[in-house]
Structures are given as C-alpha cells and as structure tokens.
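*Asks:* Structure incoming, see below.
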Protein chains: 2
Amino acid sequence: MLIVPEREIASLMTREAAFDAVEKVFAAMAAKDAYNFPVIREAIGHEDALYGFKGGFDKAGLTLGLKAGGYWPHNLEKRNEINHQSTVFLFDPDTGKAKAMVGGNLLTALRTAAASSVSIKHLARKDASVLGMIGAGHQATFQLRAALETRRFKKVIGWNYHPDMLPNIEKVATEAGVPFEAVDLPGMTEADVIISITSAFAPSLMADHVSPGTHIACMGTDTKGKQEVESALLAKASVFTDEVAQSVSIGEAQHAVAEGLITESEVAQLGAVINGTNAGRTSDEDITLFDGTGVGLQDLAVAAAVVDLAVAKGVAIEVDF
Amino acid sequence: MLIVPEREIASLMTREAAFDAVEKVFAAMAAKDAYNFPVIREAIGHEDALYGFKGGFDKAGLTLGLKAGGYWPHNLEKRNEINHQSTVFLFDPDTGKAKAMVGGNLLTALRTAAASSVSIKHLARKDASVLGMIGAGHQATFQLRAALETRRFKKVIGWNYHPDMLPNIEKVATEAGVPFEAVDLPGMTEADVIISITSAFAPSLMADHVSPGTHIACMGTDTKGKQEVESALLAKASVFTDEVAQSVSIGEAQHAVAEGLITESEVAQLGAVINGTNAGRTSDEDITLFDGTGVGLQDLAVAAAVVDLAVAKGVAIEVDF
C-alpha cells in the first residue's frame with residue numbers, strides 16, 4: 001500500500017503529466033475502455049458539507065478506484081484549511097485490494113486545468129492568439145497557467161464579476177511574459193479562446209460576446225442550476241464534453257437541452273476528437289464549446305500518474321497493509 | 001491519518017465490540033441520526049469482479065466514510081487470496097479530511113454476525129433454547145459463534161444443502177460446549193431461533209418448517225433474485241430489517257413484496273425496536289423475522305470501534321498524510 005500525502009503533490013506532479021493523463025483517459029472513455037460509476041453526492045447535514053464519491057475503472061490503464069471528499073464551506077474561516085477536501089484511493093483491479101492513497105486537493109485543481117487545456121489543443125484554431133478569461137478566483141489561475149503552456153497566446157484578456165480579483169490572473173499572465181488586459185464582457189469578442197471558470201448560477205458570457213471561430217471551455221458548471229454562458233451560445237456552437245450524461249444533467253449543456261435548443265445527441269465526447277472518430281473543429285468559423293463537468297476517471301488518472309512519480313522519486317510512503 | 005491493517009483486526013476486534021457498534025448504529029438509523037448513501041455496485045468487466053462503495057454518515061457517532069471493495073471470484077484459485085476484499089475509509093466529518101483506513105474483510109464477517117445477534121437479543125423469545133442453522137459455510141461459523149454468545153442455547157441443529165459442510169458449524173457448537181445435531185428441513189420446527197446464511201436463489205426454509213414463536217434471521221440475501229425462505233413465511237411473520245429500502249428491493253423481503261404478500265409499510269426497522277418506538281415481539285406465539293441486508297453504516301461503526309481499540313493498544317499505524 002503506497003501513500004502520497006497532499007504536501008508531496010506540488011513537487012511531484014507536473015502540468016504536463018496531468019495533461020497527458022487526462023488526454024489519455026478522455027480517449028479511453030470515448031473508446032469505451034474506461035467508464036465512470038454513478039456519482040454519490042450527499043448534503044450530510046453537518047458543517048453544511050457536501051460529501052461523496054466519484055469512482056471509475058479504466059480497463060486500458062488498469063486504474064480502479066475513487067475520489068472521496070467534498071466541500072466543507074467553513075473550513076477556511078474556522079480552521080484555516082481549504083474548503084474543498086478530497087482523497088483518491090486506488091485499487092488493484094486484479095485482486096480488489098487497496099493499492100494507493102493520494103492527497104486529492106491539488107490534483108483536482110490540476111486535472112480540471114488539464115481538461116480545458118486538452119480541449120484547447122484539440123479544438124482551438126491553430127492561429128488562436130488572444131485568450132479570454134471569465135473568472136479570476138483560485139482555480140482560474142490553474143486554468144490560465146495550463147492554457148498558456150498549451151498554445152503561444154500573445155495576449156490575455158480577463159473579466160470577473162468582482163474586478164478587484166483580476167490581479168490574481170494578471171499575475172499569472174505576467175509571469176508567463178504575456179500582456180494582460182481587463183475587459184468588459186462585450187470585449188470578449190477579441191478572444192480566440194475563452195475559458196470560463198466561475199461558480200455562477202446565471203450566465204455572464206452571452207452569444208454576442210463571442211466571435212466566429214472561437215473555442216470556449218466552460219469549466220465551472222458541475223451542479224444543477226449553475227450556468228456560465230447563455231444557452232443560445234450552445235445552439236450556435238459544436239458542443240463537446242468529458243461525459244455526455246453529466247453534461248446534459250449537471251453541466252453547462254443542461255440549460256440548452258432543457259430549453260430544447262440542442263439535443264443530447266448533439267453533445268460529443270472530446271475523447272472522440274482525440275481518437276480521431278469525431279472531426280472536431282471543421283472550419284475557422286466554427287464556434288467550439290467544451291463543457292468540462294469533471295469525472296472521477298480524471299482524478300484516478302492523475303493520481304495513478306503521481307503514484308508512479310512518487311515511487312520513481314522515492315517519496316511514496318509504503319505501509320504494510 | 002491512522003491505518004489498521006487487515007492482519008491486526010483479529011487480535012483487536014471482539015464480537016462484543018462489534019455487537020455494541022451495530023446495535024448502536026441500528027438505533028441511530030431508526031432515530032434518523034444516521035443514514036446510508038445510495039450503494040454503488042459495478043460489474044467492472046475485469047476478473048469477473050463486482051466492485052463498489054457503501055457509504056454513510058452517523059451524526060450521533062460522528063462517523064463518516066465508506067467501505068470500498070467487492071467480490072473477486074478468482075482470487076482464491078488464482079492467488080490464494082480471499083474472494084471478498086474490502087477496505088473501510090473514515091473521514092473527519094468536521095473537515096472532510098481522511099482520518100483512518102481499516103482492513104474490511106474480517107470486519108465485514110463480524111458486523112454481519114453482530115446483526116443477527118442484535119436481532120436475536122431484541123426479537124427472540126426469552127426462553128429460546130434451540131438454535132437452528134441453515135447454511136454451514138465460512139460466514140455461518142461467524143453467525144453461530146456470535147449467536148451462542150448472545151443467548152444460552154441448549155442445542156444447535158443444522159441443515160446445509162451440502163451436508164458434508166456441516167462439521168464446520170458442529171465444530172463451533174462443540175467448542176462452545178453446546179451439542180449439535182444435523183436435521184432435515186422439517187426438523188427445523190424444533191428451533192426457537194433460526195439463522196439462515198446461504199447465497200441461494202431459491203428458498204430452503206418453508207413456512208411449515210417454522211414453529212410459532214420462532215425468531216428467524218435471514219442473513220444471506222443481498223441481491224436481486226436471491227432467496228432463502230418461502231415468501232409465505234414473511235406473510236406469517238412480523239418482519240424487521242436493517243434498512244427498509246434495501247429489504248424490499250435486494251433483501252429477503254423483495255419476493256413477498258413483489259408477490260403482494262406484504263407491503264413495504266409492514267417492514268419495520270430493527271433500530272426502532274432497540275429504541276423502544278416499535279414493540280417488536282408482542283407474544284410468545286409471534287414469528288419474528290429479521291431481514292439482514294447489510295448496510296455501509298455497520299461497516300463504518302465496526303471500523304470506528306476497531307480504530308479506537310488499535311489506538312488504545314498502540315498498534316494503529318500513524319501516517320502524516
């Protein structure tokens with residue numbers, strides 16, 4: 001039994017390794033070599049916490065297990081601990097025995113960032129040069145850092161509901177040597193790629209804030225009722241996702257589907273584009289939209305990668321379990 | 001983070017501690033202080049394995065977490081490992097952080113044995129003296145050992161589909177100083193308490209094999225299609241269970257309910273009897289039947305108890321996670 005504590009993850013895991021793991025597992029999902037189990041998510045009636053399990057099995061990578069944890073909204077104020085807490089448990093698919101336990105907090109941020117980057121690699125125009133950011137919170141810095149490593153963007157433009165938070169993402173752009181500019185929402189028409197990463201329950205980005213040829217990654221919507229972009233935008237776009245069932249029920253596509261603007265069959269798996277069974281972007285005028293809902297297999301994939309890195313570096317704790 | 005490996009459980013956990021933990025959590029469930037999450041159970045398409053998660057939260061005992069694992073049918077033949085493999089993970093309900101990892105194999109056997117014993121304590125006649133066993137496999141020895149510690153039975157009678165396995169349970173009875181006798185199924189009318197622990201898909205124990213005043217604990221049915229006793233027996237009995245929703249869908253009561261012999265509202269929680277909100281047995285002529293389906297909260301309760309014992313004895317492995 002191998003243990004990789006949360007404190008080790010930052011020095012072990014690279015954005016490159018997270019990107020590779022997520023790209024590979026999205027491909028395996030589309031090839032039906034990997035599947036996610038139904039998600040358990042419970043309001044436990046204690047500390048206002050949401051707790052649950054996201055599990056899955058990747059037959060190609062032989063990765064079996066789950067991420068357990070959730071959202072404890074008072075952790076930061078009460079205990080100076082982060083509010084999202086999770087742990088990944090990997091099992092040996094040959095025997096059913098527990099194989100590894102891995103801190104899941106930073107990994108969750110990295111796998112979410114990797115997902116939008118994978119979508120940019122496979123769906124954005126080759127000449128994309130302006131990156132737009134909707135959202136400027138903690139997770140936005142992860143998405144931006146990963147995106148800036150995926151393509152050579154010439155400029156980052158950003159909007160946030162609370163403009164005083166924009167320096168969070170400006171700092172990341174500046175560190176990467178890319179100029180940053182705050183814009184209003186109509187200013188997003190300048191962007192070739194837009195990442196939206198908020199926890200909003202009403203759309204910010206409207207259809208006419210988006211120019212033809214843009215790729216949009218909607219990364220914030222993972223619950224019934226949340227919404228980041230106008231549903232009319234999905235009707236104009238080619239829509240891709242990690243997991244179709246989640247996209248149309250708890251993801252960004254829930255609204256467009258409920259309103260009858262698109263059907264479930266119009267939502268494609270990003271993994272199919274990676275595998276080459278879906279053409280993806282077919283012209284420089286297409287608007288492509290990736291609805292990143294977040295699946296357990298992403299967590300398992302990055303956790304398995306970090307266990308390998310920890311073993312190679314000799315920092316995995318071995319317990320005779 | 002505390003770790004209690006499988007190999008430590010046998011020397012730590014007592015049948016008494018398992019009994020107390022299960023009795024307490026059944027009571028908490030009936031008082032609505034504790035609840036089980038939906039169960040995830042997946043045929044993963046590898047090694048013919050069934051894998052899944054049983055989670056829950058006990059607000060009274062502040063126990064949060066899950067049992068993960070399942071059934072790997074080729075473990076024994078291929079690797080000399082047991083086929084049922086499980087691990088319990090406990091979380092701190094105040095913070096969402098992982099708190100303990102505990103080997104779940106022996107604990108599962110002990111908590112299942114404890115459940116039938118708790119039902120005997122609360123539902124069997126005070127003067128019960130003959131214990132009948134249906135089933136003589138590995139788990140039957142656990143059920144019998146626990147039952148013999150709950151009441152002073154004067155005799156054990158046993159039946160098994162394969163009579164050559166009866167020495168398994170005869171040995172347990174003999175060790176406890178109680179005489180054992182093999183019987184045919186009609187011979188079960190002599191029993192005051194019957195424990196049925198098989199994995200049959202057709203009933204063995206028929207209604208006319210059971211005398212008035214008997215208490216029956218059906219412990220083997222945990223899947224759609226399994227059945228240990230004739231459904232007419234449930235119509236004649238006062239029916240109790242750990243979790244009503246499981247009892248009527250995957251437990252022994254599934255058949256009587258499907259056939260319209262009883263309704264879901266006629267299945268009561270054993271915890272309500274423990275709490276005194278349900279009268280339980282009301283006469284020496286009543287037939288009482290406990291449908292033990294097995295819930296995640298039982299696993300969490302015994303795991304939490306064993307962690308306390310491991311800490312007290314200084315054998316819990318502490319990992320800075």
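*Asks:* Identify all residues within region A:217-241 that are of a type in the set (Ser, Thr, Tyr) and open to solvent by less than 20 Å² (accessible area, probe 1.4 Å); write none if there are none.
*Replies:* Selection gives A:Thr221, A:Ser231, A:Thr241.
*Asks:* Checking B:Ala31 against (1) more than 17 Å from the chain's Cα centre (by Cα); (2) within 12 Å of another protein chain (Cβ to nearest Cβ); (3) hydrophobic (A, V, I, L, M, F, W, C), which test does it fail?
*Replies:* (2)
*Asks:* Please go through region A:36-47 and pick out each residue that is open to solvent by less than 30 Å² (accessible area, probe 1.4 Å) and facing chain B (nearest Cβ under 9 Å).
*Replies:* Matches in region A:36-47: A:Phe37, A:Ile40, A:Ile44.
*Asks:* Okay, moving on. For region B:25-35, enumerate the residues that are touching an Asp or Glu at 6+ places or on another chain (Cβ under 8 Å) and either in a helix (DSSP H, G or I) or surrounded by fewer than 24 Cβ atoms within 10 Å (Cβ to Cβ) (or both).
*Replies:* B:Val25, B:Phe26, B:Ala28, B:Met29, B:Asp33
*Asks:* Follow-up. In region A:53-90, how many are open to solvent by less than 20 Å² (accessible area, probe 1.4 Å), more than 18 Å from the chain's Cα centre (by Cα) and either within 7 Å of chain B (Cβ to nearest Cβ) or closer than 21 Å to B:Gly296 by Cβ (or both)?
*Replies:* Of the residues in that region, 7 qualify.
*Asks:* Another question, then. Kindly indicate the residue of region A:1-23 that is open to solvent by less than 50 Å² (accessible area, probe 1.4 Å) and among the β-branched types (Val, Ile, Thr) and also farthest from the chain's Cα centre (by Cα) among those meeting that condition.
*Replies:* A:Ile3
*Asks:* Something else now. Only one of (1) buried (at least 24 other Cβ atoms within 10 Å of the Cβ); (2) among the hydroxyl-bearing types (Ser, Thr, Tyr); (3) away from chain A (no Cβ under 11 Å) fails for B:Ser129. Which number is that?
*Replies:* Every listed condition holds for B:Ser129 apart from (1).
*Asks:* Could you run through region A:63-103 and say how many residues are β-branched (Val, Ile, Thr) and over 23 Å from B:Glu42 (Cα atoms)?
*Replies:* Number satisfying all stated conditions: 1.
*Asks:* Please go through region A:229-287 and give me each residue that is assigned to a helix (DSSP H, G or I) and polar (S, T, N, Q), ordered by number.
*Replies:* Hits for region A:229-287 are A:Ser231, A:Gln246, A:Ser247, A:Ser249, A:Gln254, A:Ser265, A:Asn275.
*Asks:* If you don't mind, there's one more thing I want to ask. Please find, among A:Pro203, A:Pro186, A:Pro212, the residue that is under 25 Å from A:Glu285 (Cα atoms) and in a loop (DSSP other than H, G, I, E, B).
*Replies:* Of the residues listed, the single one that is under 25 Å from A:Glu285 (Cα atoms) and in a loop (DSSP other than H, G, I, E, B) is A:Pro212.
*Asks:* Sticking with this one: Hey, any hits in region A:179-192 for a residue that's free of Cβ contacts under 8 Å to residues at least 40 places away in the same chain, under 15 Å from A:Cys218 (Cα atoms) and among the small types (Gly, Ala, Ser)?
*Replies:* No: zero hits.
*Asks:* Given the conditions (1) under 30 Å from A:Gly96 (Cα atoms); (2) of a type outside the set (Ser, Thr, Tyr); (3) part of a loop (DSSP other than H, G, I, E, B), report the number of the one that A:Leu300 does not fulfil.
*Replies:* (3)
*Asks:* Pairs needed: first member in region A:143-172, free of Cβ contacts under 8 Å to residues at least 40 places away in the same chain and open to solvent by 40 Å² or more (accessible area, probe 1.4 Å); second member anywhere, in a strand (DSSP E or B) and not basic (Lys, Arg); C-beta distance under 6 Å; at least 6 residues apart or different chains.
*Replies:* That search, which allows pairs on different chains as well, returns A:Lys155/A:Val130; A:Glu170/A:Phe180.
*Asks:* Identify the residue in region B:96-125 that is under 17 Å from B:Leu66 (Cβ atoms) and open to solvent by less than 10 Å² (accessible area, probe 1.4 Å) and, among all such residues, is farthest from the other protein chains (Cβ to nearest Cβ).
*Replies:* Among them, the one singled out is B:Leu107.
*Asks:* Would you mention how many residues in region B:308-321 are within 14 Å of chain A (Cβ to nearest Cβ) and either open to solvent by less than 30 Å² (accessible area, probe 1.4 Å) or under 23 Å from the mean Cα position of the chain (by Cα) (or both)?
*Replies:* Number satisfying all stated conditions: 3.
*Asks:* With the requirement that a residue be part of a strand (DSSP E or B) and of a type in the set (Gly, Ala, Ser), what does region A:95-111 give you?
*Replies:* Hits for region A:95-111 are A:Ala98, A:Ala100, A:Gly103.
*Asks:* Something else now. State whether the residues of region A:3-17 include one that is under 20 Å from B:Ala68 (Cα atoms), free of Cβ contacts under 8 Å to residues at least 12 places away in the same chain and within 9 Å of another protein chain (Cβ to nearest Cβ).
*Replies:* Checked against the condition, which is being under 20 Å from B:Ala68 (Cα atoms), free of Cβ contacts under 8 Å to residues at least 12 places away in the same chain and within 9 Å of another protein chain (Cβ to nearest Cβ), region A:3-17 yields no hits at all.
*Asks:* Could I ask something else about it? Just name the residue that is least open to solvent (accessible area, probe 1.4 Å) out of those in region A:258-288 that are among the polar types (S, T, N, Q) and touching a strand residue (DSSP E or B) at 6+ places or on another chain (Cβ under 7 Å).
*Replies:* Across region A:258-288, the extreme among qualifying residues is A:Thr288.
The values are calculated or read from the model by the stated rules, or taken from the named source; none is laboratory data. These numbers were taken from a predicted model, which means no experiment stands behind them. Positions of Cβ are generated from backbone atoms using ideal geometry, with glycine treated the same way; all protein chains shown enter the neighbour counts. Areas reflect the complete protein model, heavy atoms only, side chains present, ligands, DNA and RNA absent. Shrake-Rupley method; radii C 1.70, N 1.55, O 1.52, S 1.80 Å.
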